[in-house]
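S.K.: Following this message is one structure expressed as structure tokens.
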Amino acid sequence: MNGERVNGIVEAYNEFDAADRVKQTCKLVLNLTEVNEEKKNILLMDLDANKLDKKAFTLMCNQFAVILRSGVPIGRTVRLIYEKTENKNLHRVLGKVAEDVVAGRSLSAAFAERGGNLFPITFIETIRAGEESGSLADSFEAVSRFFSKRVKLAAKVRGALIYPTFVLVIAIAVVIVLMTKVVPVFTSIFDSMNMELPAITKALIATSDFFRKYTLLIVAIIVLIVLIMRVYARNSEGRMKLAKLQLQLPVLGKVAWLDSASQFANTMAMMLAAGLPITRAVSITAKTIENYYISYEVGSLTVKLEEGRSLFSGLTESGSLPSILVDMVGVGEETGELETTLGTIGRYYDDELEQATSEAIAKLEPAILVVLAGIAGFIVIGMYVAMFSMYNGM
């Protein structure tokens, strides 16, 4: 822009994406300020990233790879998959994409515009790179493998969490029933006897009365706390603090840390395999990492890479990712095999994440049972001590 200072508004996914978009017309970005407004894509398409069915999406990518390898033209390929897709969101988007491709638009541009926030940026960029290199079928196959692995890993993590979550919900429900239905029955019996109750029984009755009288207030407070946390998380500073807090949690912090390392290594490997330059690969990878703190730190590496520094030195200075991963990145850069090295370390952290999740569950289950056993014991002892006192007084 001939060196003059320019102000303006750019619509983007986050600050990293915004910086990339600004750099398409301006070489230097001095400042970025978030503007709160409704997401345009949601208004237009009633779609967002959370509504993407990962299994249906992976199947779609695999279908693209198979059909394109058979030599079917891209326009016909999109139309065939559109006709066979049962997922409502994908069916709707593919219909529009088919029209755009027939009209002469590129497949990646059509997916990017018609999909809104539905599709991951890794998908769009990989397809764009495949179009530029003439290996579109390979790109779809790479995306299919990548998300298939992520879906399976997420399913294993969710499966490991189902049992302790089920136990916790059932136990809480039982405790609530005891405190609001069973204890009051015994309380009325004790009152009719006009007897002096033990201290533990008095505490139990007071707790039961509190829950019965202030149930709505307790629910209102919980809802208010959740709303406050959601509003706080929308602010960049709040998101950063909550992300750091997530990594510092006693058991689950390690799981979040390893998950971020797995996302970084696997996404970087796929982006480099697609032929993207390392700066662009890092920028896109940053957007896929769920923890905001690590995402921000990785996104900040693009400036250092543009200054001519290595990825290894930037990661070392950041200190946000595991040292093993950083060291392997250094090895990959020295040997010229960064893509292969990242793929290998990505598989390593996938295994580490599964093991860490299992260990976390193994630690959480006894803790949950001990706490709930203590609560149940308090209720039972409080009632039985009073009953023994009542019988002794007869």
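The values are calculated or read from the model by the stated rules, or taken from the named source; none is laboratory data. No experiment lies behind these values; they were computed from the predicted model shown. Counting neighbours? That spans all protein chains shown, and the Cβs are built from the backbone with ideal geometry, glycine included. SASA here: full protein model, heavy atoms, side chains in, ligands and nucleic acids out. Shrake-Rupley method; radii C 1.70, N 1.55, O 1.52, S 1.80 Å.
S.K.: Give the carbon-plus-sulfur fraction of the accessible surface of the chain in %, rounded to a whole number; probe 1.4 Å, heavy atoms of protein chains only.
M.R.: The C+S portion of the solvent-accessible surface of the chain is 59 percent.
S.K.: So, one more: For the peptides 325-332, 264-271, 183-190, what is the packing order when you average, over each peptide's residues, the other Cβ atoms within 10 Å and list the highest mean first?
M.R.: 264-271, 325-332, 183-190
S.K.: Leaving ligands, DNA and RNA out of it, work out the accessible area of Phe140 with a 1.4 Å probe and give it in Å² to the nearest 10.
M.R.: It works out to around 0 Å².
S.K.: Quick check for you: with a 1.4 Å probe and neighbouring chains kept, what is the accessible area per residue of the chain, in Å²?
M.R.: Here the residues of the chain average 57 Å² of exposed surface.
S.K.: Using per-residue counts of other Cβ atoms within 10 Å, averaged over each peptide, order 124-131, 240-247 from highest down.
M.R.: On the way: 124-131: 22.0, 240-247: 16.0.
Top to bottom by mean Cβ count within 10 Å: 124-131, 240-247.
S.K.: Magnitude of the Cβ-charge dipole of the stretch 99-153, K/R +1 and D/E -1, about the Cα centre, nearest 20 debye?
M.R.: 380
S.K.: Of Val174, Ala98, Ala273, which is farthest towards the positive pole of the chain's charge dipole, taken about the Cα centre with +1 and -1 on the beta-carbons of Lys, Arg and Asp, Glu respectively?
M.R.: Val174
S.K.: Short version: ³J(HN,Hα) in whole Hz for each residue of the stretch 186-202, in order, from phi by Karplus 6.51 cos²θ - 1.76 cosθ + 1.60 (θ = phi - 60°), x for Gly and Pro, what are they?
M.R.: 5, 4, 5, 5, 5, 5, 5, 7, 6, 10, 7, 8, x, 4, 5, 6, 4
S.K.: Let me ask you something else. Among the lysines, which have Cα under 29 Å from the Cα of Lys213 when same-chain residues fewer than 8 positions away are ignored?
M.R.: Lys181, Lys202
S.K.: Using square roots of five times the C-alpha gyration tensor eigenvalues, list the equivalent-ellipsoid semi-axes of the chain in whole Å, biggest first.
M.R.: The three semi-axes for the chain are 52, 25, 22 Å.
S.K.: Could I ask something else about it? Taking the simple approach of a point 7 Å from Cα along Cα-to-Cβ for both Phe210 and Val102, what is their distance in nm?
M.R.: With each label point 7 Å from Cα toward Cβ, the separation is 6.8 nm.
S.K.: Give, as a single signed number, the net charge of other residues whose beta carbon lies under 13 Å from the beta carbon of Gly253, with Lys and Arg counted +1 and Asp and Glu -1.
M.R.: On the way: positive: Lys244, Lys254, Lys363; negative: Asp259, Glu359.
So the surrounding residues net to +1.
S.K.: Only Lys, Arg, Asp and Glu count, each charged at its Cβ (+1, +1, -1, -1), so figure out the dipole size of the chain about its Cα centre, rounded to 20 debye.
M.R.: Values: 41 positive and 42 negative charges, 212 e Å.
Using only the charged Cβ atoms, the result is roughly 1020 debye.
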